[in-house]
Amino acid sequence: MTLNLKSLRIHIIALLGMVMFLVMLVAVFRAYERRSSDISKALLQLQTQTDAIAIQQRQLLQGINTLANTILVNRDLGSLNSRQSCIDTLARFQEWNHALESASILTPDGEMRCSTLANQSQFRGEISRKFLQHVQRSIYPVQHDPMVSGMTEKWSLPIAVSLRNGTDPPKGILLLSFNLDFLRIQFQNNPLQSLMRMGVVDQRGTVYTHYPDPARMVGQDISQTPFHKNILEKGGRGIGEENGLDGQSRIYAFTPFIETPSGTIYVWVSVYKKTATLVANQQFQEAIFVGFILTASSFLLIWLGSEKLFLQPLAAITNAAKRLSQGDYLSRTGIPHDSSEIGQLATTFDDMALAMMDKSEILRLNRTLRVLSSVSSTIIQAKNEEDLLQKICQVIVDTGDYSLAWIAFRKNSTEKEMRIVAHYGANIDILKKIPLSWGGGEYGHGPSMRAFTSGSIELVHHLEKDPGIGPWRQIVKERGYRSVIALPLKEHGDSFGILSIYSTQTNAFSPEEVELLEKMTEELTFGISNHRAHQDRARAEELSARQRRFDLATGLPNSIELDLQLSKFINDAKRSGEELSIIILKIERVSDIQDAIGFFGADTITKQVGILLAQEVGPIYYVARISHDVFSIIIPISIEHPNKAAIRLHTLFEKPFEYSGIPIDVQITIGIALFPKHASDPDTLLRLATIATRQAIVEENWFSFYSDRLEKGKIGQLTLLSNLRKAIREGELILNYQPKVCTTTMAVTGVEALVRWKHPERGMIPPNDFIPLAEQTGLIKPLTYKVLAIAMQQAAQWKKSKTTVRIAVNISPNCLRDTNFSQRLTEMSEQFNIQLNYFDLEITETALMENPEEFREILVNLSKVGMNVFIDDFGTGYSSLAYLAKLPIHALKLDRSFIIQMDDTKHELIVANTITLAHSLGIKVVAEGVETENSVNHLKQRGCDEIQGYIYSKPLAADDFLQWHRLFQDSFSA
């Protein structure tokens, strides 16, 4: 046995010793915990036992007090005048309570009348005169301080009570003596009396009773002991652990027993501390003993068993390893290959030795694994498919130590040919001499073509013996190729290519190597598919990008590309100081062309125009198609003056176009803007050139340069339009609220929300200045939704302040036509936590009558969610009330033009008839624009339901409306 193996046994024994040491530490810790737990439990039990003793003693004392009260209740004190009768009565009471040491009846002056004492002369007058006077004044039992009994020479507790009838002077005093030494009975009955100490001590430190050693302890002063100080510090009840009165280490518990004139008397019980920890100490000793036995046994077993179980097998493995390191690949351990750790170690070692017998095979597999890893990395890093294929071939040859690798793809032709797309290795000129065809024939039976046709791997260990290489046998022999593997590249089960790898060794490809190469081929196929998918995406994205920037019909740049190119033209012109002409060419009368030859025909003509421009002037000018019938041309003035360019363009349209044999005359209008004369940014230049085309139409000319005479009237509107978008977005819009008043109750029934624009520079802008502009430009929808949002937010705030009024909002027909209008209303109501039945929608009569059937279903749906519909400006649209009755209309709002002319009999009659007819159809009538008391009176007389106008209030801000509402309601309620 070698020294190192002996050292191993020592290490094992040392490790076992450390483990056993830790086990012993755990045993000690658990014994300590058990000891602490047992002490805690013992203290708790002592406290419980002490409380029980105190309760029992108090019950005995209570019995004595009951005895005293019994005698006191006995009002026939005359029966006690007889000495013998008195003694018999007291003796019976003493029998009832064994803790009663004696009972006596004294005269009011303190003289003995009768007593249970055998020798009544033993009554020595220990009871003070002052105590007797206190007893005579009290009607309840009075306790004296403990005193030594004259009969038993032991401590007792005197209890006295005055004997009287009602408020009469006392006829005597009952004196009872409670024996404090009665505690000995409980001590004697306790099974642990040999381990216990029990006693009674007062607040001053005097010991009245002590067991089991009363003679030595009773009467002693222990006020300076830690035990007595602990009693006073803890308020008379608690536990402790220290040396007892006998000097032994103890645990104890104490509790109050009774109150006397001089203070509290306490009961205590203690036991030896070692008694509480006896079980824990025994368990600890047992654990130490068992641990020692186990440790000794373990050391013995390790010493005896290590030789057989560990040292001999390890020596065999060590010797085998030494021989293997010296080149003896036949070295074996000779250990059985079982499931034990040593057996598994021997199995692993023997397997390793067996594998090293074929070292070249392992090296090949390692190379192939490196090839597989490098292929995965190449797939990730390759820039494109061509780069991927070439690098794969290079990795196979350089990393795998093969001679040649090439990849061929199937051609998309009827000749069933293959095309080599990548190759790498020595003597690659052979590829030029090998025709590739997978369609059979003389050149279609080699390993590569067989693999491609069958879709399976073709492996040839002796290439010169393969019959399929007939035409190239001499070439293969000259180049020294001995083995080949051909792996098909497949997608969705079909071969699309082939990977061929050549080696100058026979049997160069083991089964394990073939399996790895097959995985490599799968990786390569994935990489090719991934790159092709990437290329397809790139081409699709490029096409999509071109479609976004170019017109598909003519191939000309569209407005997006024009904007980019015009910016470049402008930047170049700024650097060179050159001028530019920006031309807008618009095809006129497209609608007439559509009427003549149809929409498709007109579309064909506009495409022909674009193609003509691209062919004739595209090489000279930059031409773009920016809409169906509008083209833009950019011309540097250095190339051609704009006048000449316009004439050149106009000349192109002198001949008619043709559609299905029909000649179509196309007329154009040209507008020209100049850089930098007219503007210096792309958007403005295009806009000004467009304006120039309109100027040409106004001037009845076919072309025009831009002039600002038509622009001045538009600039203000455009500026206002731009500011309106910003106002909607940034919250510059506010709402004023004009109240509606009931003509019968004079209650405020609702308000109409009127939008105002608080411009940061121009101040308040009236609705008539921006509402029509919003209608014309499509801003009316976001404007209306913004107004609805403000109104709902305000309604929610008023609801919180206990002000509930319906808010009417004017709605554009464009919003009603919005298929998401109802959904938007619901979403906003949820956002602001306000129900839709708080709102009314006002629609102008003119807008509604444009297409009433179109709005019918929309209005029905709005009514279902609780929203009332008002017809605003009624009387201006000349609609029939009978027709309006078919719609879910809640109210009509009479146009103010009728109200201000009510002094005219004709207009008053119209108003009266309208109100009557509306009421007959169940429709409420609201008059707006009311400004005079005369109008109010006329409307009330005609039965108008509600009035809105300056007669009651102008439109108010939200806070001002709340103040007005309170004052208005107060004025009518008063």
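Readers should treat all values here as calculations from the given coordinates under stated rules, not as data from a laboratory. Values in this document were obtained by computation on a predicted structure and should not be read as measured data. Counting neighbours? That spans all protein chains shown, and the Cβs are built from the backbone with ideal geometry, glycine included.
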Set of lysines near Lys726 by C-alpha distance (under 18 Å), chain-local residues within fewer than 8 positions excluded: Lys758, Lys781, Lys786
Asp970-Lys781 FRET efficiency (beta carbon distance; Förster radius 56 Å; 0.05 resolution): 0.85
Segment 361-536: C-alpha gyration tensor shape, a/c 1.5 cut-off, then a/b vs b/c: oblate
Within-14-Å neighbourhood charge of Ala614 [Cβ basis; K, R +1; D, E -1]: -1
Global geometry of segment 465-584, whether rounded, prolate or oblate, following the gyration tensor of its Cα atoms and the 1.5 cut on a/c: prolate
Radius ratio Rg over Rh of segment 506-658, counting only Cα atoms, Kirkwood formula for Rh: 1.33
Label-point separation in nm, Arg856 to Arg824, each point 7 Å along Cα→Cβ: 2.5
Relative contact order (%) - segment 723-973, alpha-carbon pairs under 8 angstrom, separation at least six: 19
P(r) tail fraction, segment 190-276 - alpha-carbon pairs more than 15 Å apart, %: 55
Cut-off 10 Å between beta-carbons: net charge of the residues surrounding Arg450, Lys and Arg +1, Asp and Glu -1: -2
Per-residue Cβ neighbour rank within 10 angstrom, fewest leading, Lys607, Lys465: Lys465, Lys607
Ranking of Glu640, Glu842 by count of other Cβ atoms within 10 Å, fewest first: Glu640, Glu842
Residues Ile583, Ile457, Ile392 arranged by fewest to most Cβ contacts within 10 Å: Ile457, Ile583, Ile392
Above-threshold pairs, the threshold being 20 Å between Cα atoms, out of Lys416/Lys519; Lys740/Lys893; Lys130/Lys171: Lys416/Lys519
